[in-house]
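One structure below.
The values are calculated or read from the model by the stated rules, or taken from the named source; none is laboratory data. None of these values were measured; they are calculated from a predicted model. Cβ sites come from the backbone with ideal geometry, for glycine too, and all protein chains shown count toward neighbours.
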Amino acid sequence: MELETLKLALVHCWGKDTSYPPMEHSWSSKNPAYGQCFATALLVHDYYGGQLLKAKFADGTAHFWNTVNSKEIDLTKSQFNKQQIPQPTLHSRQEIDENPRYKEYHKRY
């Protein structure tokens, strides 16, 4: 599947019910990418492989996106406007899947 086709499909699926649970109450159709990074990064990984990138913000929240063949793919970066995203760390899919903290969030994925 072409990346642009996947992106269009995801944008049409994003909603309050797919937003990261702590962020779902702030989700708005004006910023549809808000809180969608975790599930989106997992879906991009399903289609293209690679590794997951995770950046932690000072407020304790995190942002996930992908790197595939040394190219970063971030389909939800629009949620941040001009906010700087902190330096990420690389994670394998296995690390994310086995992390107990993310078990609940996999249900939305």
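With the structure loaded, tell me whether Lys82 is of a type outside the set (A, V, I, L, M), touching a strand residue (DSSP E or B) at 6+ places or on another chain (Cβ under 8 Å) and surrounded by fewer than 16 Cβ atoms within 10 Å (Cβ to Cβ) or whether it fails that test. Judged against the criteria, Lys82 is not a match.
Entry remark, segment 48-96: residues being of a type in the set (Gly, Ala, Ser) and in contact with a Leu (Cβ under 9 Å, 6 or more places away or on another chain) number 1 in total. When you look at Leu6, is it touching an Asp or Glu at 6+ places or on another chain (Cβ under 8 Å), of a type outside the set (Asp, Glu) and either loosely packed, with under 13 Cβ neighbours inside 10 Å or at pLDDT 95 or above (or both), yes or no? So Leu6 fails the test. Selection of first residues in segment 77-88 that are without any contact (Cβ under 8 Å) to a residue 40 or more places away in the chain and of second residues that are among the hydrophobic types (A, V, I, L, M, F, W, C) and surrounded by 13 or more Cβ atoms within 10 Å (Cβ to Cβ), restricted to Cβ pairs under 7 Å at least 6 apart or on distinct chains, gives the following pairs, ordered by first then second residue: Ile85/Ala55; Pro86/Ala55; Pro86/Phe57; Gln87/Ala55; Pro88/Leu53; Pro88/Ala55. Number of residues in segment 1-33 that are of a type in the set (Lys, Arg) and under 15 Å from the mean Cα position of the chain (by Cα): the value is 2.
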